[in-house]
Structures are given as structure tokens and as C-alpha cells.
Amino acid sequence: MTGLILFGSFAILLILGVPIAMSLGAAGMVTILFSPNVHLSINVIAQRIFGGLDSTSIMAIAFFVLAGNIMTKGGISRRLVEFANSIVGGFRGGLGLALVLACAFFAALSGSAPATVVAIGVMLYPDMVKLGYPKERTAGLLVVSGGLGPIIPPSIIMVVYATITGASVGDMFKSGMAIGIFIMLVLMSVVIFYANKEKWPQTRVKMSLNEFFISFFKAIPALLLPIIILGGIYSGMLTPTESSAIAVVWSLITGMFIYREVSIKDLYQIFLDSAKGSAMILFIIATSTSFAWLFAFGGISAQLVNFVVGLKLSATMFCFVVAIILLIFGVFLEGIATCVLMVPVLWPIAKALGIDVIHFGMIVSISNVIGTMTPPVAVNIFSAASVTKLKMGDIAKGQLPFFIGYVIVFFLVVFLPKLSMFLLN
């Protein structure tokens with residue numbers, strides 16, 4: 001009865017259009033008030049909401065959001081695009097390869113899929129269309145390549161997952177780095193295939209060695225940021241939160257004093273946008289904590305664990321079932337919401353089956369990214385539509401071959417745990 005009231009009220013509120021964070025908190029209150037098996041004060045909800053934010057790791061989210069916004073405004077995307085183009089721009093479909101590579105570079109700065117789509121799309125899409133690249137295919141490539149944002153560290157979704165499960169943020173980032181590079185190579189392979197099949201343009205004039213070094217030196221301040229973040233974490237000198245704070249300082253130095261594209265006047269809007277973005281994420285985490293606590297307090301979590309264990313599913317089959325569930329949820333819910341809602345429910349079962357916390361985390365992270373590419377809640381497609389002015393249906397059609405490549409990598413991760421553990425071993 002408790003589970004029915006909890007999930008039923010949550011589903012009804014979502015259908016009515018109530019924001020996710022409010023729906024999670026309100027569902028907990030409804031359960032306390034009307035469930036005959038729960039005898040608690042309504043004040044418990046407020047206590048659990050505040051308790052859900054009582055973690056130093058969560059502070060990293062706000063800092064990473066702020067650093068990403070500063071770097072986005074600071075001319076970073078243009079330097080990264082120029083550097084990426086200097087590496088692969090001379091091949092047939094070279095700008096398509098440059099787009100994927102630039103998204104990978106920018107992913108190591110922002111940790112956000114929509115931010116990556118917009119930042120790189122504004123720089124590359126208009127020029128690619130002028131040169132004769134197919135509009136829908138280019139927009140689709142932008143959507144899927146933007147999905148590298150939450151996989152290549154730093155990654156906001158990985159910080160959220162680590163906070164919920166107690167996993168090492170550093171280990172999650174290492175795993176994300178390996179899989180992110182793998183996805184990048186797969187996307188580049190698909191680009192090469194379609195560039196030759198559909199006769200995409202080829203840049204005849206190759207960049208000279210001198211021009212390559214110029215673009216490289218201009219990109220050094222941007223490329224140093226992921227080195228600072230990951231180097232500090234992997235060396236043990238910095239915690240993820242400390243590393244994220246230093247990333248903010250370096251992004252300010254880069255944007256204001258090196259590239260000089262961020263002024264004092266710009267900081268107010270940057271801080272305001274970052275505060276709004278962080279608040280939305282943190283509010284979802286806070287209210288989901290009370291939701292998950294009630295789920296466990298009512299005995300639903302233990303019953304679910306016993307039920308699934310009783311089915312005697314293998315660890316691999318359970319991972320496959322979880323993958324399908326998360327993909328379905330990702331179609332309708334935003335990634336952070338899916339993570340904070342489902343991980344507290346599914347992780348105890350995965351743990352009981354002996355599934356590694358990092359492997360399970362990569363399944364959660366990648367499935368949430370795929371959700372950003374699948375309508376109706378497809379923030380990557382929305383972002384690409386704002387840049388390209390194309391219809392969502394056309395973009396979804398254009399992204400299909402790249403999307404299939406991304407999904408294939410996802411199921412390789414599901415069935416091959418060693419792929420997630422490659423850099424950890």
C-alpha cells in the first residue's frame with residue numbers, strides 16, 4: 001500500500017505537469033499523511049530534504065556548472081574548434097570529424113550535453129552547411145556528439161551517482177574517460193563511412209604545421225582545465241569538490257585575463273545562470289532523498305531486493321533489464337531526475353547480485369545521456385533545434401546512424417563489465 005501511494009501520487013503529479021522536484025517532495029508528504037503503514041511526522045520530509053544536501057561532494061556540482069558557464073562565455077569553444085579542425089580538417093568530411101573531436105574537448109570542460117551541443121553547434125554548424133554538408137545529418141551528428149558531455153569527465157551525473165551510492169568520483173571519472181574516448185572513436189568511424197558514402201565536402205587546403213602550432217598554443221589554456229581537474233583528483237592532492245573550485249578560478253583567469261572575452265559586466269549573468277542551473281539540480285537531489293528514504297523506510301526496497309533475488313537472474317541479465325528500464329525512463333524524465341529516482345531503488349539489488357558500483361554507474365550515466373537524444377524529453381535535440389532552426393523530426397532522423405553507434409557502445413558496456421573497468425585495472 002505504501003509503495004502504491006508513493007509512486008501513484010508521484011505519477012499523478014507528473015501527469016498534471018507539476019515540476020519533478022515538487023512532485024517528489026509532495027509524493028512523500030502524501031504518503032506520510034495517507035498511508036496506514038507509515039506513522040511519521042510531516043517534519044521528516046523537511047529533515048530528509050536538508051539531509052540530502054549534507055554532502056561536500058554535492059558542492060562540486062555547483063562549481064562545475066559555474067566553471068562550464070564561464071568557459072562557454074570565454075571564447076573557449078572557438079579555440080577548441082580551431083584546434084580540432086587543425087588535426088582532422090583535411091580529410092573528406094573533416095569538419096564532421098572536427099565536430100566530434102571539438103565536442104570531446106568541450107565535454108572535458110562543461111560536463112553538460114546541452115551546453116556542448118550549443119557551444120560547438122554555434123561555431124561549426126553554419127560553416128558546415130555553407131560548405132555543403134547535409135543539414136539534417138550534421139545536426140544529428142551534433143546531437144549525438146554532444147552526448148560526450150556527461151561521459152568524458154568532469155560529469156555532473158557521475159557526481160550525483162557517486163553521492164547516492166558512495167562510489168569514488170575519481171574512479172567514475174576514469175571509467176568515463178575510457179568509455180568517452182571509445183564513443184568518440186565510434187562516432188568518428190561512422191562519420192568517415194557516411195562522408196564517403198554521401199560524398200561530404202573535403203577541404204582541399206590542409207593547414208600548415210605552423211598554423212597547427214598556433215591553434216594548439218591558443219587552445220592550451222582551455223586544454224589545461226581538464227588536466228587540472230583530473231590531475232588533482234587522480235594524484236590524490238585534491239578532492240573532487242576542491243578540484244571543481246580550482247576549475248572555477250582557472251576558468252575566470254582564462255576568460256578574463258588570457259582570452260579577455262569575459263568582462264566584469266558579464267559575471268553577474270554568468271553567476272545568475274549558474275545559480276539557477278545548480279539550484280534546479282540540487283532541489284531535485286534534495287527532494288528525491290526524502291522520496292528514496294520513504295521507499296526504504298516502508299520496507300519496499302527490501303521487498304523489491306528479495307523479489308528480484310528470488311527470480312535468480314544473473315548479474316548480466318539484471319544489468320540488461322536495468323538498461324531497458326533506464327532507457328524507458330529516460331524518454332520521459334530528465335537525466336538527473338532519473339538517476340536520483342531510480343538508483344536508490346536499483347543499486348541495493350545490484351549490490352546484492354555482486355555488480356561493481358562503477359560498472360553499474362556507467363550503465364546509469366550512459367543511459368541518461370541516451371535519454372537526452374530521444375523525444376519527447378530530448379534536451380540535446382531541443383538545443384540543436386535552437387542552433388540549426390530545423391524541425392525536431394528532421395534532426396531525429398539525421399541522428400539515427402550516430403545514435404545507433406552510441407547505443408551499441410552502451411550495450412557493450414552493459415554486457416562487458418571489463419569495458420567500464422579498463423582504466424581502473
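The values are calculated or read from the model by the stated rules, or taken from the named source; none is laboratory data. Just so it is clear, the structure is predicted and the values come from calculations on it, not from any experiment. No Cβ is skipped: glycine too gets one built from the backbone with ideal geometry, and neighbour counts run over all protein chains shown. Just so you know, the surface numbers come from the protein's heavy atoms only, side chains and all, with ligands and any DNA or RNA stripped out. Shrake-Rupley method; radii C 1.70, N 1.55, O 1.52, S 1.80 Å.
Against the condition out of contact with any Gly (no Cβ under 7 Å at 6 or more places or on another chain), part of a helix (DSSP H, G or I) and free of Cβ contacts under 8 Å to residues at least 60 places away in the same chain, how does Ala11 come out, does it pass? I'd like the intermediate steps shown before the answer.
On the way: out of contact with any Gly (no Cβ under 7 Å at 6 or more places or on another chain): yes; part of a helix (DSSP H, G or I): yes; free of Cβ contacts under 8 Å to residues at least 60 places away in the same chain: yes.
So Ala11 passes the test.
Of everything in segment 111-138 that's of a type in the set (Ser, Thr, Tyr) and touching a residue at least 40 places away in the same chain (Cβ under 8 Å), which residue is most open to solvent (accessible area, probe 1.4 Å)?
Applying the filter and picking the extreme gives Ser112.
Let's see how each residue does on (1) within 30 Å of Ala119 (Cα to Cα); (2) in contact (Cβ under 8 Å) with a residue 40 or more places away in the chain:
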{"position": "Ile15", "(1), (2)": "no, no"}
{"position": "Ala21", "(1), (2)": "yes, yes"}
{"position": "Asn37", "(1), (2)": "no, yes"}
{"position": "Ile45", "(1), (2)": "no, yes"}
{"position": "Arg48", "(1), (2)": "no, yes"}
{"position": "Ile58", "(1), (2)": "yes, yes"}
{"position": "Leu66", "(1), (2)": "yes, yes"}
{"position": "Thr72", "(1), (2)": "yes, yes"}
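Mind checking whether some residue in segment 67-74 is among the small types (Gly, Ala, Ser), open to solvent by less than 10 Å² (accessible area, probe 1.4 Å) and within 27 Å of Asn210 (Cα to Cα)?
For segment 67-74, residues among the small types (Gly, Ala, Ser), open to solvent by less than 10 Å² (accessible area, probe 1.4 Å) and within 27 Å of Asn210 (Cα to Cα): present.
Looking only at segment 286-334, count every residue that is within 21 Å of Asn380 (Cα to Cα), of a type outside the set (Val, Ile, Thr), modelled with pLDDT of 75 or more and open to solvent by less than 60 Å² (accessible area, probe 1.4 Å) and tell me the total.
Final tally of qualifying residues: 4.
Restricting attention to segment 74-97, does a residue exist that is of a type in the set (Ser, Thr, Tyr), at pLDDT below 85 and touching a Phe, Trp or Tyr at 6+ places or on another chain (Cβ under 8 Å)?
yes
Select from segment 144-171 the residues that are in contact with a Phe, Trp or Tyr (Cβ under 8 Å, 6 or more places away or on another chain) and in a helix (DSSP H, G or I) and list them in ascending order.
Residues satisfying the conditions are Val144, Ser145, Gly147, Ile156, Met158, Val159, Ile164, Thr165, Gly170.
Listed residues Ser263, Ser208, Ser244, Ser235; which is among the small types (Gly, Ala, Ser) and surrounded by 14 or more Cβ atoms within 10 Å (Cβ to Cβ)?
Ser244
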